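These notes concern the structure reproduced below.
The values are calculated or read from the model by the stated rules, or taken from the named source; none is laboratory data. Bear in mind the structure is a predicted one, so any value in this text is a computation, not a measurement. Because the Cβ atoms are built from the backbone with ideal geometry, glycine has one as well, and the counts that use them run over all protein chains shown. What goes into the accessible areas is simple: the full protein's heavy atoms, side chains included, and nothing from ligands, DNA or RNA. Shrake-Rupley method; radii C 1.70, N 1.55, O 1.52, S 1.80 Å.
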Amino acid sequence: MVAVDPRLLVREQGLAGYLTEFRRRVRSGDLGSMPVIAALIIIWGIFQGLNSTFLSANNLSTIAFNVVGVGMIAVGIVFVLLLGEIDLSVSYVSGLAGAVFAVLSVNHGMSQGLALVLGILTGTAIGALQGFFFAKVGVPAFVVTLAGFLAWNGAMLWVLGKNGTINLQSGGLLYNLYNYTFADVAFAYGLALIAVLLYLGSSLWEASRRRKAGVPFRPLLDIGIKTAALAIVAFVAAWVLNQAEGLPLCLLLFLIVVVGFDLMLRRTTYGRQIFAVGGGIEAARRAGINVAWIRISVFSLAGTMAAVGGMFLAGQVNSAQSTQGGGNTLMNAIAAAVIGGTSLFGGRGKTWSALLGALVIVSIQQGMYILNLNTAIQYMITGAVLLAAVVVDSLSRRTQKNAGRA
């Protein structure tokens with residue numbers, strides 16, 4: 001008799017089966033992205049009620065632009081959190097990377113493409129160095145990255161020099177990476193269609209492959225419902241962006257990064273090893289996983305994504321400034337990853353957390369800006385949302401433990 005996953009059986013029962021599956025997941029603490037999606041809907045509803053321009057196409061387009069910088073940094077934080085660790089240096093790594101780019105391209109006349117690569121590699125090298133002290137020397141990640149928070153801030157100030165600001169070339173590479181939009185409405189709609197077709201095709205192929213292998217596979221109803229949901233989100237987003245300036249290039253690049261890293265986590269041996277190390281170091285080591293290498297590589301990746309995020313933040317203001325990486329940059333990046341659903345305790349999360357969490361953070365900031373509320377209130381509300389996300393995560397883990405799934 002072939003063992004069949006009960007979750008697949010209830011899905012074949014139609015709507016009643018999905019309701020049963022939903023109740024089962026809630027009882028077992030497997031909430032997935034439901035809390036953050038619900039929070040985002042509530043936040044948008046509240047701000048729209050307070051100011052009718054919040055859900056306008058122009059404001060949503062602004063949110064789409066602002067999500068990218070913090071979102072890129074948050075992607076790297078997701079990987080670190082999957083190990084059950086933390087990286088406190090990413091904000092000033094992003095600032096230092098932007099400063100390196102500015103000095104090389106403006107002060108030394110280096111080609112912007114090469115300066116971009118070297119700026120990003122700066123973040124990679126910093127991440128590898130911090131990962132080495134953590135994985136090989138045995139210094140706690142909190143201490144290593146806290147030291148990095150201070151050291152890379154000083155390095156950024158030293159690189160920028162006395163003025164503390166280097167203005168980038170008007171209409172240069174970083175400016176275009178951040179500000180360029182595909183104004184042709186057909187581009188956004190066409191991209192949405194391609195995304196839906198790719199998802200549908202990959203889902204059908206995966207179901208066919210599993211069926212031929214004699215293992216449980218997703219029924220057509222399941223695939224159809226999820227494809228329809230993706231189509232609605234994709235085409236509505238395309239319509240909204242086309243009502244403003246069009247699809248931002250920076251948002252497209254961010255989505256490519258999120259999807260690419262999501263596939264890497266779910267479909268590759270390396271991704272499964274990251275989850276294994278985050279789930280239990282000793283068990284991972286006994287399974288033959290090179291724990292030190294995984295740790296160093298993950299911190300290198302976090303440094304790389306911090307540098308990438310720093311490039312977009314520099315492109316946003318078209319300059320490298322001594323204030324870049326300060327303020328609430330670190331808080332927003334960590335909060336985005338956690339609010340999006342990545343567990344602080346390791347072993348659970350996905351790169352989509354960075355996108356969803358960044359949407360929540362930036363929506364709050366933009367809503368506060370429209371309402372002309374001061375920064376203090378913004379910090380308090382963001383802190384409350386972050387605390388709520390951690391509470392949900394803790395309760396979810398406790399429920400899963402009681403259900404025998406932790």
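Quick notes on this structure:
- Taking the protein heavy atoms of segment 112-220 in the context of the full set of protein chains, the accessible area attributed to carbon and sulfur is 71 percent at 1.4 Å.
- Solvent exposure, largest accessible area first (probe 1.4 Å, DNA, RNA and ligands not counted), of ARG286, ARG210, ARG295: ARG286, ARG210, ARG295
- Label positions at ALA229 and LYS162, each projected 7 Å from the Cα along the C-beta direction, are separated by 5.9 nm.
- Whole-number accessible area per residue in Å² for the chain, which is evaluated in the context of all protein chains at 1.4 Å: 47
- For segment 289-406, the share of accessible area belonging to carbon and sulfur comes to 60 percent (1.4 Å probe, ligands and nucleic acids excluded).
- Peptides ranked, highest mean first, by Cβ atoms within 10 Å: ranges 320-328, 264-272: 320-328, 264-272
- Calculated FRET efficiency for the pair LEU220/SER56, C-beta based, R₀ 41 Å, to 0.05: 0.60
- Accessible surface of segment 28-109, 1.4 Å probe: 65 percent of it comes from carbon and sulfur atoms.
- Extension gain (nm, one decimal) between ARG209 and HIS108, 0.36 nm per residue minus Cα-Cα: 30.9 nm
- Highest average packing first - 304-313, 157-166, Cβ atoms within 10 Å: 304-313, 157-166
- Length gained on full extension, ARG267 to ALA376: 35.0 nm, using 0.36 nm per residue less the C-alpha separation.
- Based on C-alpha pairs under 8 angstrom that are at least 6 apart in sequence, segment 298-365 has a relative contact order of 24 percent.
- Note on ILE42/ALA292: beta-carbon distance plugged into 1/(1 + (r/R0)^6) with R0 of 25 Å gives a FRET efficiency of 0.05.
- When you count the other C-beta atoms within 10 angstrom of each residue and take the mean per peptide, 122-128, 369-375, 247-253 line up highest first as 122-128, 247-253, 369-375.
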